[in-house]
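Report on the structure given below.
Read-outs throughout are calculated quantities, based only on the coordinates presented, and are distinct from any laboratory measurement. Quick caveat, the model's predicted, so the values are computed rather than measured. All Cβ positions, glycine included, derive from the backbone under ideal geometry; neighbour counts span all protein chains shown.
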Amino acid sequence: MLVRPGVARTPDDRFMALPDFPFAPHYLEVTDAALGPLRMHYLDEGPRDAPVVLMLHGEPSWCFLYRRMIAPLVAAGYRVVAPDHIGFGRSDKPTARESYSYAKLVGWMSEFVSTLDLERITLVCQDWGGPIGLRVLAGMPDRFAAVAAANTLLPTCEAPPKGVEGWPGPIIEQWAETCRTSDDLPVSEIIAAVCVDRPEPAVLAAYDAPFPDASYKAGALQITCCIPLDESYPGVAENKAAWRILERFERPFLTLFSDSDPSTIAWEEVFQRRVPGAAGQPHGRIARAGHFLQEEQGEAMAARLAEWLGPA
């Protein structure tokens, strides 16, 4: 449904009776110069005064992706906050592709963190959660205590050792071209295609829930087109600046990539090499998981994080 011209909001009944998802919705507003206030959805579980685990999803998923990871980390004493990016999940969805940019996605998430005044944050980021979340960290590093990077990246279109060989490679190039030339996406089938084991029908339906039809998918389509594929793309200079912060980030930085995601695995070594806080950390691979490792091995990933972080 349209809440005003140019802004759609998924009806609440689309989110009823989702599997393994007993969490209450929370909302705040972020600003957009052209569209006005946008409602941003998030989960907020655990003690409000505890250290924060900020879980950022990628594309075309939403915070439902983290459902199996929340309870174990709350049990360890943490406050778990899992927002939906604008254009995804229960957050508002501008209907025009030009309403989205890499800079706007970073700005909205930065405003989210500032509005909630989150501190002592452990950033857990996968897929686009990394390019967005690590830029947010670079803008306010004092708020962040640690990072766990999972199947993610922060591209600057530089050759090794600062980047990966052959960037962006055929997988990312083809995916970006598909999104550039399409006006719809089969969201749940995209997720299923990059899983080791196909999720259950009810789970796949939950990934489709935010998108009643193609008019809600402008963000899901356009975000992929924001990946810097060469030096001419917006965001390259800002990502280089973020890397300069990360190259001085001495707080704990863990990589938890999966064993079956060829699209991001080369970035594992880049993070381990370039971020000082990665030295000596118990980096690992999550077994039997594709790109959306939280979906397939969320409990295993949460156990690794809880062990690494220790009791809050």
Computed E for R180/D49 - FRET, C-beta separation, R0 51 angstrom, nearest 0.05: 0.70
Honestly segment 108-264 on the Cα gyration tensor test (a ≥ b ≥ c root eigenvalues; a/c under 1.5 rounded, otherwise a/b vs b/c for prolate or oblate) is just prolate
Got the relative contact order for the chain handy, in percent, Cα pairs under 8 Å and 6 or more residues apart? 21
Taking other Cβ within 10 Å of each residue's Cβ, how do H41, H26 sort, fewest first? H26, H41
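For R251 and E158 in the same chain, what is the full-extension length gain: residue separation times 0.36 nm, less their Cα-Cα distance, in nm? Before the final figure, lay out the partial values.
On the way: separation 93, 0.36 × 93 = 33.48 nm, distance 2.48 nm.
Result: 31.0 nm gained on full extension.
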For n ≥ 4 DSSP H runs only, could you compute -39500 (n - 2.57) per run for the chain, divide by its residues and tell me the 222 nm figure to the nearest 500? -10500 deg cm²/dmol
By count of other Cβ within 10 Å, fewest leading, how are E268, E45 ordered? E45, E268
What is the calculated FRET efficiency for E189 to M1, with r their C-beta to C-beta distance and R₀ = 25 Å, to the nearest 0.05? 0.50
GNM result for the chain, Cα springs below 10 Å: residue of D13, D127, D184 fluctuating most strongly: D13
Selected from L123, L246, L18 as most flexible by GNM, with the chain as the system and alpha-carbon contacts under 10 Å: L18
Assuming 0.36 nm per residue, please report the length gained on full extension of the stretch R244 to E173 beyond their Cα-Cα distance. 22.9 nm
Points 7 angstrom from Cα along the Cβ direction at E307 and S114: gap in nanometres? 3.9
Total formal charge among the other residues, if their Cβ is under 15 angstrom from that of R4, Lys/Arg +1 and Asp/Glu -1: 0
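Within segment 157-243, list the GluC sites (Glu not before Pro) lying in a DSSP loop whose Cβ has at most 12 other Cβ atoms in a 10 Å radius. Working shown, then result.
Values: sites: E158, E165, E173, E177, E189, E231, E238; in loops: E158, E165, E231.
Answer in residue order: E165, E231.
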Return the loop-located trypsin sites (Lys or Arg not before Pro) in segment 24-111 (DSSP other than H, G, I, E, B) with at most 11 other Cβ atoms within 10 Å of their own Cβ; answer none if there are none. R48
Going from the fewest other Cβ atoms within 10 Å to the most, one would list T95, T178 as T178, T95
